[in-house]
Amino acid sequence: MLHIFNVLRKTLVVEYYRLNVGFLFLIAMFAFGILRPEDHIALAAYIFANPLLLSLMFGLWALYHLKITYFVRQRLLWDSHEFLYFLRLLPPFQRMLAWLYVQWMLWLPVMMYAGFVGKYAWSFGQQKAVIATALYLFLMPFLGIWAYEHRLVRPNPDTRIKAWSQYLNRRFAKPYWSFFLLYLFKQNPVLLLLTKVFTCGVVVAVCKLYPTDTYDERLLSLGALTVGMGHSFMLLHLYEFEHLQLLTLRNFPFTLWQRFGQYSALFGLLLLPEVIFFVRYFPQGVHWMYGLGWLALTMALLWMVFGRFQQKHYLMDTLLRHGFYAFIAVFFAVMFKTPVLILAGTVLGLGVYWFWRFYYTAEYIVHEDALRLRPE
C-alpha cells in the first residue's frame with residue numbers, strides 16, 4: 001500500500017497544496033495575523049460554548065471539504081490522471097484506505113486548526129463540544145470517499161445542457177461582462193463560493209468585531225485590503241479565461257475606454273456581496289465619505305491586481321510572493337494614516353496605467369510542465 005499512497009500523494013495531495021498555497025496563506029493570515037492571540041483564543045472559546053456558532057464553523061469546514069472533493073473529482077476527469085481508475089482493481093478495503101489517506105492529507109489544515117482551538121476549549125470546560133468536533137472531523141472525510149467511488153464507477157458523467165438553458169442561450173444575447181460570471185458559476189463554483197464567504201466574512205468582522213466609541217477607520221481600510229487581495233486568484237482565472245477561451249477578445253472593435261467600463265462593471269458585480277454586507281453593518285461614528293473611500297479602495301485593488309496581470313502573467317507559484325509584497329506595501333500605507341482617497345487614487349492609477357500600457361501586448365505564459373512530452 002505504501003507505493004499506492006506515494007502515487008496518490010504526488011498526483012493529488014502535492015498538486016492541491018501547490019495550486020492553493022495562496023488561498024491557504026490568506027486563510028492563515030486572517031486566522032492568526034489580523035486577530036491578536038488572546039482575542040483569537042477568546043473567540044474560539046466562545047464559538048465552542050455556543051452551539052449555533054459551532055454549527056456555523058462546521059459549515060465553513062464543510063465548504064472547505066467540498067473544495068477538496070471537487071478538486072480530486074476534477075482531476076479524475078483529466079486525461080493525464082486516467083491511470084487512477086485502475087484503483088478499481090484493488091480490494092474495497094485497500095481502496096478505501098487509499099482514498100482515506102488522500103482525504104486526511106487534504107483535510108490536514110482543518111484538523112490542525114481544530115486541534116489548536118480545541119485545546120483551549122477543552123481547558124475552558126467545553127469537553128462535549130470538543131468531542132463533537134473530533135467526531136465531525138473524523139466522519140466528514142468518508143463523504144469524500146463516497147464521492148470518489150461514485151466517480152470511479154461513472155468515469156464519463158453526463159454533461160448535456162438542459163433544454164431550457166439552450167433556449168435562454170439562443171434567445172438572449174449576453175453582454176461581455178457576464179461571460180466570466182457564467183464561467184465561475186459553471187466551472188469554478190467552489191472558488192466563487194469560498195472567495196465570497198471569506199471576503200464577506202472579513203467585511204462583517206471588521207465592521208462588528210471591535211465596536212468601540214471611537215472606531216479606528218484604519219481597520220476598515222485593512223479590511224478593504226484583505227478583500228481586494230482576496231480576489232487575486234479569481235482575477236487570475238479571469239486573465240486565463242480570456243486568453244484560453246476568448247482568443248479573439250482583443251480584436252473586438254472596442255476602445256480602451258469601453259473595455260475599461262466593461263471591466264469596471266464586472267468588478268462591481270464581483271464586489272456586490274461585499275458592498276451589501278458593508279452597507280448593512282456600516283460602523284456607527286464613521287463618516288459616509290470614508291465609506292465611499294473604502295469602496296473606491298476595494299475597486300482600485302482589483303484594478304491593480306488585474307493591471308499587473310496585463311504587464312506580466314504570474315504563475316501560481318509566483319503570485320503568492322508578489323501578492324504578499326503588495327499587501328505589505330499597502331498595509332504600511334494604511335498604518336501610517338494615508339488618506340483613503342489618496343491611497344485609492346494611487347492604487348487605481350497604477351492599475352489603469354498597467355492596463356492602458358500592456359493590454360494589447362499581454363501574453364499568456366504556459367507552464368513548462370505542460371510542454372513536456374508525456375509517456376504513452
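The values are calculated or read from the model by the stated rules, or taken from the named source; none is laboratory data. What you are looking at is a predicted structure, and each value in this text was computed from that prediction instead of being measured. Note: ideal-geometry Cβ built from the backbone for every residue, glycine included; neighbour counts use all protein chains shown.
If you go through the range 73-97 and keep only what is surrounded by 14 or more Cβ atoms within 10 Å (Cβ to Cβ) and not in a helix (DSSP H, G or I), you end up with 76, 90.
When residues in the range 113-156 are screened for being farther than 23 Å from residue 72 by Cβ, outside any helix (DSSP H, G or I) and without any contact (Cβ under 8 Å) to a residue 60 or more places away in the chain, 1 of them pass. So, of the residues in the range 247-304 that are surrounded by 14 or more Cβ atoms within 10 Å (Cβ to Cβ) and among the β-branched types (Val, Ile, Thr), which turns out to be nearest to residue 204 (Cα to Cα)? For the range 247-304, the residue satisfying everything is 275.
Apart from one condition, residue 6 fits all of (1) outside any helix (DSSP H, G or I); (2) modelled with pLDDT of 80 or more; the exception is (1). Number of residues in the range 120-139 that are crowded, with 16+ Cβ neighbours inside 10 Å and among the polar types (S, T, N, Q) equals 2. Every condition in (1) more than 23 Å from residue 350 (Cβ to Cβ); (2) without any contact (Cβ under 8 Å) to a residue 24 or more places away in the chain is met by residue 273 except one, and the failing one is (2).
Conditions tested, residue by residue: (1) farther than 30 Å from residue 217 by Cα; (2) modelled with pLDDT of 75 or more; (3) not assigned by TED's automatic domain parsing to the domain that holds residue 267.
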residue	(1), (2), (3)
124	yes, no, yes
134	yes, yes, yes
138	yes, yes, yes
148	yes, yes, yes
162	yes, no, yes
186	yes, yes, no
199	no, yes, no
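Consider the range 18-45 and keep the residues that are aromatic (Phe, Trp, Tyr) and surrounded by 14 or more Cβ atoms within 10 Å (Cβ to Cβ). The one that is modelled with the lowest pLDDT is 30. Just so you know, in the range 237-246 the residues that are among the aliphatic types (A, V, I, L, M) and either surrounded by 12 or more Cβ atoms within 10 Å (Cβ to Cβ) or part of a loop (DSSP other than H, G, I, E, B) (or both) include one that is nearest to the chain's Cα centre (by Cα), and it is 238. Considering the range 184-202, the residues that are closer than 18 Å to residue 245 by Cα and surrounded by fewer than 17 Cβ atoms within 10 Å (Cβ to Cβ) include one that is farthest from the chain's Cα centre (by Cα), namely 186. What pairs can you find where one residue is in the range 331-355 and outside the structural domain of residue 226 (by TED's automatic domain parsing) and of a type in the set (Asp, Glu), the other is assigned to a helix (DSSP H, G or I) and crowded, with 16+ Cβ neighbours inside 10 Å, and their Cβ atoms are less than 7 Å apart, with a gap of 6+ or different chains? Partner pairs satisfying both residue conditions: none exist.
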